[in-house]
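In what follows, a structure is listed as structure tokens, so that the remarks can point back to it.
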Amino acid sequence: MTDDVKDTNIEGVSTPDKVEEGMANLGEDESDPSSKKFYLKVDPDQDNKATELKVCSFKRPHMRAFHYSWWSFFIAFFIWFSIAPLLPEVRKTLELSKEDIWTTNIVAVTGDIFMRFIFGAVCDKFGARLPMGLVLMAASIPTAMTGLVNNLTGLIFLRLFIGIAGSSFVMCQCWSTRMFSKDIVGIANGLVGGWGNVGGGVTQIVMGTLLFPLFRDVVYDGDSEKAWRTVCVVPAVVAFITAIVVVKTSEDCPDGNYSDLKKQGRMPEISAAKSFRAGAIDLNTWLLFVQYACCFGVELTMNNFSATYFVDEFGLTTETASAIASIFGFMNIFARGLGGFTSDKFMIKFGMRGRIFWQGLTLIIEGVLIFLFASVTSLWAAILLLTLFSIFVQAAEGSTYGIVPYINPSAPGAVAGIVGAGGPTGAVAFGLGFRQLAKVKDAYFLMASLVLFSGCISLLFNIKGHKCVLFGQDDETKTGALRIPDGDDDIEGEDDAEKDVIEVAS
């Protein structure tokens, strides 16, 4: 690959592409990104996307969007699974069976599947900022109403509506892709996705180990039922406030907000339907859909089930089991970003084949570790293997979204949304396995087998303009700027001879 990257690291990345030096905002209005004066180095050929990351900065527009992306997804994850560590208590109060709990776990991710399909194309049309705020506000309302549940039906509908919070992942990835250049998009997407996913671990600790005991022992003098019925109000309030701040104090892309750019004639009107179709007809999109089902789908399953598993298998208390289960989510602090970073490095050295090789390797190792985790009977061995297989689950997630922007550079949101829907789809499939199979070990073995299979299908990738493992050739004209197309750009993927053109508003 000719676009070699020099001195790639988290604090800064420089490339030989034409780069516009950022200015340190010396007195200019920070709220006007259209002034073309940026704090980070940017590449004008990629719509002023940043070519470096400075994670300690909060400057607009690039780093503000970076931090809002992961924080919004973090909060969404928090409310999405706020009830998960409390399920042992909910099960007692409502007198639910194991099958009932798994039904609610499955429903909690089912609604998210459809929303992810929709929001990918929506982000291509409207940007990620507004959909992100809308989803957080909408999901915070049912979260606050958790205490009103009195039976299985109520719990099912509650978790169904809260589940829309998971679709915020699509906005998280689209926003990051819109702000950072192709040379660092792997680590950028990996970090925002990974740090957001940490919300799964924090939820276990904050809800199960801190807030629930606090409400039960201090506020309600030992009443567990009143505690779980009221504690979810806390994350709901935080989510609603976050939504307002995100919408009011950030931008859709480096040059400003989509609505303003369209009014100024600097951005064409984009057909969300055609954007979705362009992503959906590409086989590579669906290969990544399957692979993401076998990494993020596994993570969602573990977020739902880990605390209950350690209570049932090892006889631990809810507080202790929640603390152990939080390990899985906390690995996201570095593991997903490491997966994306390694994918970027492999791309530099080996081209797209490097990204695909790393993708397959992480999934195969993940599958092997799931087999081992399900086989051990020692608590300490289970904790160790939980930690290890969590790392590879999240590395595979980061690797996946290092590949996503290259599938169809003209419709990155649509591809991101479809692939993202693979996560909750996998969680539904695995959840059905845990619900229907009599032995938990058999369900883990089924999940591990499917993960191994997903690693092997890496051989089938055929990404236009890139030499993959078995198919394709490198074509420098197809390296892709990873940008929103101009009015004259074609949407790739209809077929080799005929392509649909993005509709420009007359």
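The values are calculated or read from the model by the stated rules, or taken from the named source; none is laboratory data. Bear in mind the structure is a predicted one, so any value in this text is a computation, not a measurement. Cβ atoms come from the backbone with ideal geometry, glycine included; neighbour counts cover every protein chain shown. The protein model used for the area step is the full one, side chains on, heavy atoms only, and it has no ligands, DNA or RNA in it. Shrake-Rupley method; radii C 1.70, N 1.55, O 1.52, S 1.80 Å.
For segment 226-249, which residues satisfy the criterion of being more than 19 Å from residue 150 (Cα to Cα) and either open to solvent by 40 Å² or more (accessible area, probe 1.4 Å) or without any contact (Cβ under 8 Å) to a residue 60 or more places away in the chain (or both)? I'd like the intermediate steps shown before the answer.
First, the residues of segment 226-249 that are more than 19 Å from residue 150 (Cα to Cα): 234-249.
Across segment 226-249, the qualifying residues are 234, 237, 238, 240, 241, 244, 245, 248, 249.
From the list 97, 82, 57, which residue is crowded, with 21+ Cβ neighbours inside 10 Å and among the small types (Gly, Ala, Ser)?
Selected residue: 82, the only one of 97, 82, 57 that is crowded, with 21+ Cβ neighbours inside 10 Å and among the small types (Gly, Ala, Ser).
One residue is enough: does segment 232-249 have a residue meeting the conditions assigned to a loop (DSSP other than H, G, I, E, B) and either farther than 27 Å from residue 425 by Cα or touching a strand residue (DSSP E or B) at 6+ places or on another chain (Cβ under 7 Å) (or both)?
Checking segment 232-249: at least one residue is assigned to a loop (DSSP other than H, G, I, E, B) and either farther than 27 Å from residue 425 by Cα or touching a strand residue (DSSP E or B) at 6+ places or on another chain (Cβ under 7 Å) (or both).
Looking at (1) free of Cβ contacts under 8 Å to residues at least 60 places away in the same chain; (2) out of contact with any helix residue (DSSP H, G or I) (no Cβ under 6 Å at 6 or more places or on another chain); (3) open to solvent by 40 Å² or more (accessible area, probe 1.4 Å); (4) not acidic (Asp, Glu), which one does residue 118 not meet, given that it meets all the others?
Here residue 118 clears every test but (1).
Filter segment 324-370 down to the residues that are open to solvent by 40 Å² or more (accessible area, probe 1.4 Å), over 15 Å from residue 391 (Cα atoms) and touching a residue at least 12 places away in the same chain (Cβ under 8 Å) and list them by number.
Selection gives 345, 346, 348, 353, 357.
Part of a helix (DSSP H, G or I) and free of Cβ contacts under 8 Å to residues at least 24 places away in the same chain - does that describe any residue in segment 164-174?
No - not one qualifying residue is present in segment 164-174.
Checking the conditions here, which among 221, 217 is in a loop (DSSP other than H, G, I, E, B) and open to solvent by 10 Å² or more (accessible area, probe 1.4 Å)?
221
Can you tell me which residue within segment 142-163, out of those that are open to solvent by 40 Å² or more (accessible area, probe 1.4 Å) and within 22 Å of the chain's Cα centre (by Cα), is farthest from residue 255 (Cα to Cα)?
My answer is 160.
Of everything in segment 448-478 that's more than 15 Å from residue 389 (Cβ to Cβ) and of a type in the set (Val, Ile, Thr), which residue is modelled with the highest pLDDT?
That would be 457.
Could you identify the single residue in 199, 194 that is open to solvent by less than 10 Å² (accessible area, probe 1.4 Å) and farther than 30 Å from residue 43 by Cβ? Working first, answer last.
Working: 194 fails: farther than 30 Å from residue 43 by Cβ.
Being open to solvent by less than 10 Å² (accessible area, probe 1.4 Å) and farther than 30 Å from residue 43 by Cβ holds for just one of 199, 194, which is 199.
Can you tell me which residue is farthest from residue 288 (Cα to Cα) among those in segment 455-470 that are among the small types (Gly, Ala, Ser) and buried (at least 20 other Cβ atoms within 10 Å of the Cβ)?
Here is the first cut: in segment 455-470, the ones among the small types (Gly, Ala, Ser) are 455, 458, 465.
From the residues that got through so far, the ones that are buried (at least 20 other Cβ atoms within 10 Å of the Cβ) too are 455, 458.
Numbers: 455: 10, 458: 9 Å.
Here the residue is 455.
What do you reckon, is residue 417 open to solvent by less than 10 Å² (accessible area, probe 1.4 Å) and without any contact (Cβ under 8 Å) to a residue 12 or more places away in the chain? Before the answer, list the steps.
Working: open to solvent by less than 10 Å² (accessible area, probe 1.4 Å): yes; without any contact (Cβ under 8 Å) to a residue 12 or more places away in the chain: no.
The answer is no for residue 417.
Take the residues of segment 394-412 that are open to solvent by less than 10 Å² (accessible area, probe 1.4 Å) and outside any helix (DSSP H, G or I): which is modelled with the lowest pLDDT?
Among those that are open to solvent by less than 10 Å² (accessible area, probe 1.4 Å) and outside any helix (DSSP H, G or I), it is 411.
Mind counting the residues in segment 413-433 that are within 20 Å of residue 99 (Cβ to Cβ) and of a type in the set (A, V, I, L, M, F, W, C)?
Counting residues in segment 413-433 that are within 20 Å of residue 99 (Cβ to Cβ) and of a type in the set (A, V, I, L, M, F, W, C) gives 5.
Please go through segment 302-345 and pick out each residue that is assigned to a loop (DSSP other than H, G, I, E, B) and of a type outside the set (Gly, Ala, Ser).
Once the filter is applied, which keeps residues that are assigned to a loop (DSSP other than H, G, I, E, B) and of a type outside the set (Gly, Ala, Ser), segment 302-345 yields 316, 317, 334.
How many residues, within segment 263-289, are in a helix (DSSP H, G or I) and either open to solvent by less than 50 Å² (accessible area, probe 1.4 Å) or on the phi > 0 side of the Ramachandran plot (or both)? If you could, list the steps in order and put the result at the bottom.
Initially, segment 263-289 is screened for residues in a helix (DSSP H, G or I), giving 263, 272-280, 283-289.
Still in the list and also either open to solvent by less than 50 Å² (accessible area, probe 1.4 Å) or on the phi > 0 side of the Ramachandran plot (or both): 272, 274-275, 278-280, 284-285, 287-289.
Matching residues across segment 263-289 total 11.
Taking the criterion of being surrounded by 22 or more Cβ atoms within 10 Å (Cβ to Cβ), within 14 Å of residue 76 (Cα to Cα) and either at pLDDT 85 or above or among the aliphatic types (A, V, I, L, M) (or both), would at least one residue in segment 177-189 satisfy it? Reasoning before the result, please.
Restricting attention to segment 177-189, the residues satisfying the condition of being surrounded by 22 or more Cβ atoms within 10 Å (Cβ to Cβ) are 177-189.
Applying the additional criterion that residues be within 14 Å of residue 76 (Cα to Cα) yields none.
No; the residues of segment 177-189 include none that is surrounded by 22 or more Cβ atoms within 10 Å (Cβ to Cβ), within 14 Å of residue 76 (Cα to Cα) and either at pLDDT 85 or above or among the aliphatic types (A, V, I, L, M) (or both).
With (1) touching a Phe, Trp or Tyr at 6+ places or on another chain (Cβ under 9 Å); (2) crowded, with 24+ Cβ neighbours inside 10 Å as the list, and residue 379 as the residue in question, which single condition is left unmet?
(2)
Considering segment 426-447 alone, what residues qualify as being buried (at least 23 other Cβ atoms within 10 Å of the Cβ) and either of a type in the set (Val, Ile, Thr) or modelled with pLDDT under 90 (or both)?
Within segment 426-447, 427, 431, 434 qualify.
From (1) under 25 Å from residue 353 (Cβ atoms); (2) open to solvent by less than 10 Å² (accessible area, probe 1.4 Å), pick out the condition that doesn't hold for residue 452.
It is condition (2) that residue 452 fails.
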